[in-house]
1. Would you be able to tell me the number of residues in segment 112-126 that are in a loop (DSSP other than H, G, I, E, B) and either over 12 Å from the mean Cα position of the chain (by Cα) or closer than 13 Å to P141 by Cα (or both)?
2. With segment 158-218 as the region, which strands (runs of 3 or more DSSP E) entirely inside it contain at least 2 residues that are closer than 14 Å to V3 by Cβ and at pLDDT below 95?
3. For the structure I just gave you, tell me whether V21 is in contact with a strand residue (DSSP E or B) (Cβ under 6 Å, 6 or more places away or on another chain) and farther than 19 Å from S150 by Cα.
Amino acid sequence: MVVWPEGALPLSLNEYLAPGVWVRDAIIDALQPGQLLLIGGYRQDGTLQDPVYFNSLVALRRGADDIEVVGIYDKHRLVPFGEFLPMDALLTDLGVKSMAHLGDGFETGPRPAPLQVAPDLIVQPLICYEALFPGLAKPDPRVRALVNVSNDAWFGVTSGPLQHLNLASYRAIETGLPIIRATPTGVSALIDARGKIVGGAQLNLGDAGVIDGVLPDMGTATPFGRLGNTPFILMILISAFAGVRLKVGKGF
């Protein structure tokens, strides 16, 4: 399986993957029959008169002499002011144009769900900063790995990409699943189920190259995977209740 990052293609996937387009032909030539390519980019849906756009991860499989789409994941947690403009309709009425990337911005995809890319392989995609949020990747015994595609180029040469990588690694610890992380400018990495980068499987900022590795093993089921935030919510409720009882007991 090959994984390309978010924004791997600058125009819509519809255009690049259309029959007869050189990019599609190049992908066919690059892949072996039966090989998978997961590619991040935006795609257009709807009609020509009323198009809608999604920030997506598309799974392609090479056939005998062509490629086919075997799965699509649309980003659920969009970046405010970058991918959509909050209260866009109200601001448009006030004469403020959308600051989002395309037209009225991207549409929100459904809540993250596992993506079956092969009969024996199911992954959980997380696009860009979706990897920052605990609980978006729900525990599912069928899932073999998390796939985080991101475009951190806008951070420039700062600590941003490293912080993004570090925060994404916590999703591995929470779920007990390895992570395949692909970015166009770094930091790309192969992360094991304990949140550790596999030795040598990392491309730092500005590095050009390919990570060619074996997917790390899955870990055991984690407490967070089974219970989520429930214990923390219960502790907060118990603390609040105890605080109220204490004040009442003192004549509050």
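The values are calculated or read from the model by the stated rules, or taken from the named source; none is laboratory data. Just so it is clear, the structure is predicted and the values come from calculations on it, not from any experiment. All Cβ positions, glycine included, derive from the backbone under ideal geometry; neighbour counts span all protein chains shown.
1. Adding up the residues that qualify gives 4.
2. Values: elements: 179-182, 188-191, 197-203.
Of the strands (runs of 3 or more DSSP E) lying wholly inside segment 158-218, those with at least 2 residues that are closer than 14 Å to V3 by Cβ and at pLDDT below 95 span 197-203.
3. On the way: in contact with a strand residue (DSSP E or B) (Cβ under 6 Å, 6 or more places away or on another chain): no; farther than 19 Å from S150 by Cα: yes.
So V21 does not fit the description; no.
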